[in-house]
Ligand SMILES: [Zn+2]
């Protein structure tokens, strides 16, 4: 009997170690999805998948912590101007993907400074939106599994703040004012799709062939970030306003169709985790 149990455990071990969704992500429908990121463009790593989820009848929300008001080398650019430009780029990209622009939430923090913001306040504000939207799934920067994952500053902060908020949202005595005064309820998210994971952590790849063209079009909208010439000397949102228009549009195409492709087919790669937030640092859903 004991031997049978042992054999069963050995046979089941690979499934237990690598959590997979009960229903493939490609077949999800009727779910509420919340992506948390630091900057307008952090969501680009998931654009094909988000566009697919939206088309398949899921509600997709994008919550970004900063306005992106620092990402430029243009000496004439101001923070205020750049925040406005990046807001418009984000909305234009969402439109290309078919995502409702009213589902864009920005918490308005300064770019580059997320890790110095008041952590309790940031977590509280993310928790508010989690309790308000009641997402079934959270997309976020991968906080890591086994060990913490290093990301550049705001991304690192966003990974942990999203994780901490997911955990805080389920405890009704944390930020109780949201429950007593605002009429919200504690909410538990049980599925996570982490982007920007290290290769060894990736356990789910989505074929985005049908959404690649939209993703390409959306990527070209972030011209202040992805076009080096615009990054140094911003002249407006149209690629044609820059001498490198052709090269830029082609580079965005390669970014979608070649970078991250599997056997020549465009894919997006994630670490999927299912279970209580406390266990998101493991590969198993049996925390
Ligand atoms: Zn970023």
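Within the stretch 72-110, being assigned to a loop (DSSP other than H, G, I, E, B) and either surrounded by fewer than 22 Cβ atoms within 10 Å (Cβ to Cβ) or out of contact with any helix residue (DSSP H, G or I) (no Cβ under 9 Å at 6 or more places or on another chain) (or both) holds for 73, 74, 75, 76, 77, 78, 98, 100, 110. Taking the criterion of being assigned to a loop (DSSP other than H, G, I, E, B) and either on the phi < 0 side of the Ramachandran plot or buried (at least 24 other Cβ atoms within 10 Å of the Cβ) (or both), the residues of the stretch 51-67 that qualify are 56, 58, 67.
Look at the stretch 28-50: where a residue is on the phi > 0 side of the Ramachandran plot and a partner is more than 16 Å from the ligand (Cβ to nearest atom), sitting 6+ places away or on another chain with Cβ atoms under 8 Å, you get 30/57; 30/58. Checked against (1) in a strand (DSSP E or B); (2) crowded, with 20+ Cβ neighbours inside 10 Å, residue 205 passes all but a single condition, namely (2).
Of all residues in the stretch 138-167, those being more than 16 Å from the ligand (Cβ to nearest atom) and either more than 10 Å from the chain's Cα centre (by Cα) or within 14 Å of residue 65 (Cα to Cα) (or both) number 10.
Restricting attention to the stretch 129-155, the residues that are buried (at least 19 other Cβ atoms within 10 Å of the Cβ), part of a helix (DSSP H, G or I) and free of Cβ contacts under 8 Å to residues at least 60 places away in the same chain add up to 1.
The residues listed here are 212, 186; of these, the one that is surrounded by fewer than 22 Cβ atoms within 10 Å (Cβ to Cβ), touching a residue at least 40 places away in the same chain (Cβ under 8 Å), away from the ligand (no atom under 15 Å from the Cβ) and assigned to a loop (DSSP other than H, G, I, E, B) is 186. Across the stretch 239-271, the qualifying residues are those that are part of a strand (DSSP E or B) and at pLDDT 95 or above, and the one among them that is nearest to residue 192 (Cα to Cα) is 271. Checked against (1) crowded, with 18+ Cβ neighbours inside 10 Å; (2) more than 27 Å from residue 207 (Cα to Cα); (3) within 24 Å of the chain's Cα centre (by Cα), residue 257 meets all criteria but (2). Select from the stretch 24-38 the residues that are more than 16 Å from the ligand (Cβ to nearest atom) and assigned to a strand (DSSP E or B) and write down the one among them that is surrounded by the fewest Cβ atoms within 10 Å (Cβ to Cβ). Step by step, filter the stretch 24-38, then rank; the result is 32.
Just for the stretch 261-279: of the residues that are surrounded by 12 or more Cβ atoms within 10 Å (Cβ to Cβ) and out of contact with any helix residue (DSSP H, G or I) (no Cβ under 9 Å at 6 or more places or on another chain), which one is nearest to residue 188 (Cα to Cα)? Among those that are surrounded by 12 or more Cβ atoms within 10 Å (Cβ to Cβ) and out of contact with any helix residue (DSSP H, G or I) (no Cβ under 9 Å at 6 or more places or on another chain), it is 275.
The values are calculated or read from the model by the stated rules, or taken from the named source; none is laboratory data. Remember, it's a predicted structure, so these values are computed and weren't measured experimentally. Quick reminder, even Gly has a Cβ in these numbers, built from the backbone with ideal geometry, and neighbours come from all protein chains shown.
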